[in-house]
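Read through the structure below, which is laid out as structure tokens, and then see the notes.
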Amino acid sequence: MLKIGDLSKITKVSVKTIRYYEEEKLLSPVEIDKWTGYRYYDETSINRLAEIVELKNLGFSLKEIRSINKNSFNNKAKELEKEIAKLKQNISKLLTVKMEGEKLIMKTFINDEKVIGKWKKLGVVKSKNTNENFDKNLSNIFDFNNLYFLPNGERYWVFSWTKGTLFLKDREFPYEIINGKLYVGIVDKYNNTIDCYAVYEQVDNKIYTINEVRIKDNTDLPFVVDKKAVGFWEAVDFCENFNSFNPNKQTETDLYIKGYNLLPNGIANLTIKNDKIAKINWTKNYIIDKDLSTVSKYEIKKINNETYMSVEWKSGDYMFGGKVNGFYICKKLK
């Protein structure tokens, strides 16, 4: 049997809180010594306290915990879904807030049903003249092949929106729908003038979620051992490609990824900033992150009698834009 102080130490719940739970009829001592008044507890008390703490973490009030039943969880899930939807709306609104000196500039979200859905880029024109041909010399401007307008202006990747304006990070690009085509004005950030227009056609008007618009690689790859890859790899640089890597001249010093430890069984430890370690997977030629649904190709080669491995960096630019913007270069530790 445990005294209340012992129960507090084991569960990390303060004596004061335990007594409060007893007052609220959520917990009862197994036994109370009628002569000393000492309260005694056992393993069931430990389990009950763990339940209370977990239910509180899930958002249940003490009143709800007292009368909890099998329907309570479905009701709480629906309640949290509504809260999440509201939080997402608030996040989108916050991302449109700007400061001009000491002046707060806020844009209220205005819906635009016509723009919701997926849009595919057709090309770039100099004006909104619908008869104008696309300019091949401008094809790489505003290089986003697909745009998604999520409901309520919800942000995905670097984009959010309100009626008439597409937000890209902290920049604003006006848009207009003309004859079923979406014209996005490409604004010069230095003089705030529109130089040209990226033109998109609507693929569908589906209400997308963030999870639906991101790219997901097939992570169900069979494990094939690669003896050359097994071992510890220290990240030493981040480059445009393997060929641009110069072991005598580091181009990046503040690296997010610190290294990999590829184990012979297909498990890998990924070390990132602040020495945090994530468990991922690998197979011959590929590093697999099932949580992010990414499969990154690696390549190994010798340079100046040292062994190096390049690994594709699949960040948000890849997950939402399909672009691999660089490679981590890792040196094998002996």
Anisotropy class of segment 2-66 from Cα gyration tensor, a/c 1.5 cut: prolate
Lys/Arg +1, Asp/Glu -1 at C-beta; the chain dipole; positive extreme among ILE141, ILE32, VAL124: ILE32
In nm, spacing of pseudo-spin labels at LEU333 and ASN137 (7 Å Cα→C-beta vector): 5.4
Extended-chain gain in nm, criterion 0.36 nm per residue less alpha-carbon gap, LYS169 and LYS25: 46.8 nm
Inter-site label distance for PHE109 and GLU43 at 7 Å from Cα along Cβ, in nm: 5.0
Only Lys, Arg (+1) and Asp, Glu (-1) charged, at Cβ; the chain dipole about Cα centre in debye: 280
Rounded FRET efficiency, nearest 0.05, which uses the C-beta distance separating THR219 from ASN243 and R0 of 30 Å: 0.60
Most positive-pole-ward Cα, ASN285, GLY266, LEU87, against dipole of the chain from beta carbon charges: GLY266
Relative contact order, percent, the chain [alpha-carbon distance under 8 Å, six or more residues apart]: 11
R0 of 30 Å, Cβ-Cβ distance GLU212-LYS56: FRET efficiency to nearest 0.05: 0.40
Around VAL199: net Lys/Arg minus Asp/Glu count, Cβ-Cβ under 12 Å: +1
Contour minus Cα-Cα distance for LYS16 and ILE300 (0.36 nm per residue): 96.3 nm
GNM top mover of PRO29, PRO222, PRO264 - the chain, alpha-carbon springs below 10 Å: PRO29
Inter-part distance where segment 284-300 and segment 179-197 are each reduced to a Cα centre, Å: 37
Which labelled figure in (1) 30, 28, 15; (2) 35, 28, 18; (3) 49, 35, 18 is semi-axes √(5λ) of the Cα gyration tensor in Å, once derived from the coordinates: (3)
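Readers should treat all values here as calculations from the given coordinates under stated rules, not as data from a laboratory. None of these values were measured; they are calculated from a predicted model. Cβ atoms come from the backbone with ideal geometry, glycine included; neighbour counts cover every protein chain shown.
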